[in-house]
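The values are calculated or read from the model by the stated rules, or taken from the named source; none is laboratory data. Please read all numbers here as calculations on a predicted model, not as lab measurements. Counting neighbours? That spans all protein chains shown, and the Cβs are built from the backbone with ideal geometry, glycine included. The area values use the complete protein model at the heavy-atom level, side chains included, leaving out ligands, DNA and RNA. Shrake-Rupley method; radii C 1.70, N 1.55, O 1.52, S 1.80 Å.
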Amino acid sequence: MASPFPHLLPSIPLSPSHPPLFLPSKILSPQHRRRPAVSAALQWNRKPQLAGETPRVVVVTSGKGGVGKTTTTANVGLSLARFGFSVVAIDADAGLRNLDLLLGLENRVNYTAVEVLNGDCRLDQALVRDRRCPSLELLCISKPRSKLPLGFGAKALTWVVDALRSRPAGPPHFVLIDCPAGIDAGFITAIAPANEAVLVTTPDITALRDADRVTGLLECDGIRDIKMIVNRVRTDLIRGEDMMSVLDVQEMLGLALLGVIPEDSEVIKSTNRGYPLVLNKPPTMAGLAFEQAAWRLVEQDTMTAVMVEEEPKKKGFFSFFGG
């Protein structure tokens with residue numbers, strides 16, 4: 001099966017024990033091209049090897065709204081859980097939470113972190129376990145359309161993460177924090193307990209300017225392990241010079257590349273159903289890309305972007321006269 005992204009190559013070596021994530025069609029034999037689409041994303045003969053100390057607290061941020069932070073958190077979190085790791089996904093967007101909707105858990109959220117801090121419930125009561133993948137749990141900061149109390153800030157969220165570390169059931173392998181848009185108090189609260197960051201951006205000027213600003217704020221807060229996911233990439237627009245390439249984005253931001261997510265019409269469908277892309281059968285290209293990004297996150301790996309060959313410009317009638 002030919003790759004939809006011939007310009008993207010993984011940084012891992014090509015070997016039978018560690019097969020590639022994306023391969024250009026020109027190095028695939030005709031037998032490989034005739035194979036049907038895979039029925040599951042990463043059907044390899046091994047489980048990803050967890051790198052780093054646990055729990056790994058990762059904040060998913062961008063600065064600009066609408067670039068796919070919550071979609072990334074939902075799909076990467078569920079992928080990590082399907083790999084066999086325990087994951088707690090925290091929706092840190094107070095009053096405008098959406099992570100529960102994307103996971104299809106909106107009707108099961110009875111308590112939030114605010115009730116835990118107020119002593120109205122225990123932490124385990126506020127955690128909502130995903131029945132499709134029990135190793136994924138959701139924690140919402142507050143209820144929809146409600147304001148956080150003045151006392152809830154960076155120290156409060158750090159206390160919640162510390163409580164997850166010391167809970168009787170054992171600490172999770174990953175704590176994913178879905179950061180709100182902007183760089184105000186909500187952003188400062190969300191990044192406080194994190195030691196890693198995944199920066200989600202799209203290949204447009206407005207998103208990149210905000211992403212560059214957020215990168216500086218993360219580094220000032222002491223977060224040095226920053227990787228980026230480039231979302232909504234269209235290779236046809238890149239070849240026609242109507243969209244910046246992933247290589248251009250990487251050169252502008254100077255960040256390690258965790259994943260590239262293609263533009264996919266299935267995203268809006270999965271959002272409306274509360275059914276993440278990584279659960280689709282057969283898998284979509286965006287769902288596969290999210291799973292591959294989650295795999296790299298586990299092993300603290302990155303991928304490499306290379307130049308996309310530009311399409312030759314079509315010559316019109318007046319080109320004969322030099323037009």
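Taking a label point 7 Å from the Cα of Asp225 along the Cα→Cβ vector, which residues of the stretch 54-72 have an amide N closer than 15 Å to it? Correct set: 54-60. Straight-line cross-link partners of Lys47 among the aspartates and glutamates, defined as a Cα under 15 Å from its Cα and at least 8 positions apart when in the same chain: Glu291, Glu299, Asp301.
Ordering Asp120, Asp178, Asp236 by how much accessible area each has at a 1.4 Å probe, largest first, what is the list? Working shown, then result.
Values: Asp120 100, Asp178 5, Asp236 75 Å².
The residues order as Asp120, Asp236, Asp178, largest area first.
The listed residues Leu279, Leu199 rank as Leu279, Leu199 when sorted by accessible area, largest first, using a 1.4 Å probe. The convex hull drawn around the Cα atoms of the stretch 103-241, when projected onto a plane and averaged over every direction, covers 10.7 nm². The H on the amide N of Asn231, modeled in the peptide plane, is under 5 Å from the matching H of Thr201, Thr202, Ile261, each at least 5 residues off or on a different chain. Taking 0.36 nm per residue of separation and subtracting the Cα-Cα distance, full extension of the segment from Met252 to Asp124 would add 41.8 nm.
Applying the Karplus relation 6.51 cos²θ - 1.76 cosθ + 1.60 with θ = phi - 60° to the stretch 285-300 yields 3J(HN,Hα) values of 5, 5, x, 4, 5, 5, 5, 5, 5, 5, 4, 5, 4, 4, 8, 6 Hz, where x marks Gly and Pro. Averaged per residue, the stretch 84-158 has 50 square angstrom of accessible surface, using a 1.4 angstrom probe with ligands and nucleic acids left out. Counting only heavy atoms of the protein chains and using a 1.4 Å probe, Trp159 has close to 130 Å² of accessible surface.
Please give the per residue accessible area of the stretch 168-298, computed with a probe of 1.4 Å over protein heavy atoms only, in Å².
Details: 5160 Å² over 131 residues.
Accessible area per residue: 39 Å².
Here the stretch 72-179 exposes an accessible surface that is 51 percent carbon and sulfur, computed with a 1.4 Å probe and the other protein chains kept in place. Taking each residue as 0.36 nm, the span from Asp204 to Arg167 lengthens on full extension beyond its C-alpha to C-alpha distance by 9.1 nm. Residues Lys227, Lys143, ordered by accessible area of protein heavy atoms at a 1.4 angstrom probe radius and largest first, appear as Lys143, Lys227.
Taking the highest mean first, how do the peptides 265-276, 101-112 order by number of other beta carbon atoms within 10 angstrom per residue? Each step should come with its number before you reach the end.
Details: 265-276: 15.7, 101-112: 18.2.
Answer by packing, highest mean first, reads 101-112, 265-276.
Stretched out straight at 0.36 nm per residue, the stretch from Glu241 to Lys281 would grow longer than its current Cα-Cα span by 11.1 nm.
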